[in-house]
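Trainee: The structure under discussion is supplied below as structure tokens; questions concerning it will follow.
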Amino acid sequence: MNSSHLVIALTKGRILDEVLPLFVQAGIVPAEDISKSRKLIFDTNIKHVRLMVIRGSDVPTYVEFGSADMGVVGKDLILEYGSEGFYEPLDLKIARCRLMTAEPVNAIASNGRLKVATKFTNIAKQYFAEQGKQIDLIKLNGALELAPSMGLADAIVDIVDTGNTLRANGLEPRELIAEVSSRVIVNKASMKIKNKIIREILGKLRKAVDSSN
């Protein structure tokens, strides 16, 4: 952990597009246009505060182990990773969606073991165990919607935004597992060592969230 800098890990893609305006509103402005650069670390207008842009699934790891002091990541990835290794002080209320089960339209409920395809294996395992259902998990990283039609799975667990992709592939959302939005997470040691600057940033972001909603 670099004691002189404060590093904030941001998630690439849709979350980044929604989080940057919020950061600007909170007075944290990247020194260059992130969307036009191949760099992964960016200085900001605040001395010693840097932004790092990485895959969402890596943000919890970077924050837990202190390579980043703070991070912005979807609640789905926090649930999948486990939140024991960091604090989660703020819901940014952006990039909202739902984590749901989905099955083929008109599928008849089965009493036997379900084959479930997902990249959220820990969440699925816990969810179906709580429902008292036995499942065989199939880990897939993309194109989950194909799994039921190709006979690979009976159901999937995935992020649902509009549901259009599911419907286009003959599926329908069924059970809600979690409401998802982007959260700020903070490394536990950083919260002690860099408390003043972290609290300042959290306060500014909280105001930006309140004024956006």
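Trainee: Which whole-Hz ³J(HN,Hα) couplings does the range 174-184 yield from phi under the Karplus relation 6.51 cos²θ - 1.76 cosθ + 1.60, θ = phi - 60°, glycine and proline marked x?
Mentor: Per residue, the Karplus-derived 3J(HN,Hα) values read 10, 10, 7, 9, 7, 7, 10, 8, 7, 10, 8 Hz.
Trainee: Expressed as a whole number of Å, what is the distance separating the alpha-carbon centroids of the range 137-213 and the range 82-135?
Mentor: 11
Trainee: Around Arg183, which amide H atoms from residues at least 5 apart in sequence, or from another chain, sit under 5 Å from its own amide H, with H modelled in the peptide plane?
Mentor: Sorted by chain and number, the residues that satisfy this are Val73, Gly74, Lys75, Leu92.
Trainee: In degrees between 0 and 90, to the nearest 10, how far off the longest principal axis of the chain does helix 121-130 point, with axes built from Cα atoms?
Mentor: Relative to the chain, helix 121-130 is tipped by roughly 60 degrees.
Trainee: Here's a follow-up. Which of the peptides 11-19, 38-46, 145-153 is most tightly packed, and how do the rest follow, going by the mean number of other Cβ atoms within 10 Å of each residue? Spell out each step's value before the answer.
Mentor: Numbers: 11-19: 17.6, 38-46: 12.9, 145-153: 15.8.
Ranked by mean Cβ neighbours within 10 Å, highest first: 11-19, 145-153, 38-46.
Trainee: Also, quick follow-up: Check which residues have an amide H placed less than 5 Å from Glu145's amide H, if you skip close sequence neighbours.
Mentor: Close amide H contacts, sequence-distant or interchain: none at all.
Trainee: ³J(HN,Hα) across the range 11-28 via Karplus (A = 6.51, B = -1.76, C = 1.60, θ = phi - 60°), whole Hz, x for Gly/Pro?
Mentor: 8, 4, x, 4, 4, 4, 4, 8, 7, 4, x, 5, 5, 4, 4, 8, x, 10
Trainee: Would you pull out the residues with amide H under 5 Å of Val49's amide H, same chain only if 5 or more places away, H placed 1.01 Å from N?
Mentor: Those qualifying (amide H under 5 Å, at least 5 residues apart or on another chain) are Leu6, Thr44.
Trainee: While we're on this one: Please state the charge dipole magnitude for the range 97-179, taken about the Cα centre, from unit charges on C-beta atoms (+1 on K and R, -1 on D and E), reported in debye and rounded to the nearest 20.
Mentor: For the range 97-179, the charge dipole is close to 220 debye.
Trainee: At a 10 Å Cβ-Cβ cut-off, how would you order Ile34, Ile201, fewest neighbours first? Spell out each step's value before the answer.
Mentor: Details: Ile34 17, Ile201 24.
Ranked by crowding around the Cβ, least crowded first: Ile34, Ile201.
Trainee: Related question: Under a Cβ-Cβ cut-off of 15 Å, what is the net charge of the residues other than Ile193 that fall near it, where Lys and Arg count +1 and Asp and Glu count -1?
Mentor: Details: positive: Lys188, Lys192, Lys194, Lys196, Arg199; negative: Asp69, Glu200.
Once positives and negatives cancel, what remains is +3.
Trainee: Can you give the Rg to Rh ratio for the chain, taking only C-alpha atoms and Rh from Kirkwood? Before the final figure, lay out each step's value.
Mentor: Working: Rg = 19.2 Å, Rh = 18.5 Å.
Here Rg/Rh amounts to 1.03.
Trainee: Could you give each residue of the range 106-111 its phi-based ³J(HN,Hα) in whole Hz, using Karplus coefficients 6.51, -1.76, 1.60 with θ = phi - 60°, and x for Gly or Pro?
Mentor: These are the phi-based 3J(HN,Hα) values: 6, 5, 8, 4, 9, 8 Hz.
Trainee: In terms of the Cα gyration tensor, with a ≥ b ≥ c the square roots of its eigenvalues, is the range 97-179 rounded because a/c is under 1.5, prolate because a/b exceeds b/c, or oblate? Could the numbers behind the result be given before it?
Mentor: Numbers: a/c = 1.39, a/b = 1.17, b/c = 1.18.
It comes out rounded by the Cα gyration axes.
Trainee: Another question, then. Neighbouring Cβ atoms within 10 Å as the yardstick, rank Glu84, Glu103, Glu172 fewest first. Numbers along the way, then the final one.
Mentor: Numbers: Glu84 7, Glu103 23, Glu172 14.
Lowest to highest Cβ neighbour count: Glu84, Glu172, Glu103.
Trainee: What does the charge dipole of the chain about its Cα centre add up to, to the nearest 20 debye, if the Cβ of each Lys and Arg holds +1 and the Cβ of each Asp and Glu holds -1? Don't skip to the end; give the middle numbers.
Mentor: On the way: 29 positive and 25 negative charges, 129 e Å.
Dipole about the Cα centre, nearest 20: 620 debye.
Values in this text are rule-based calculations from the coordinates and carry no lab data. All of these numbers come straight from a predicted model, not from anything done at the bench. Note that each Cβ is placed from the backbone with ideal geometry, even for glycine, and that neighbours are counted across all protein chains shown.
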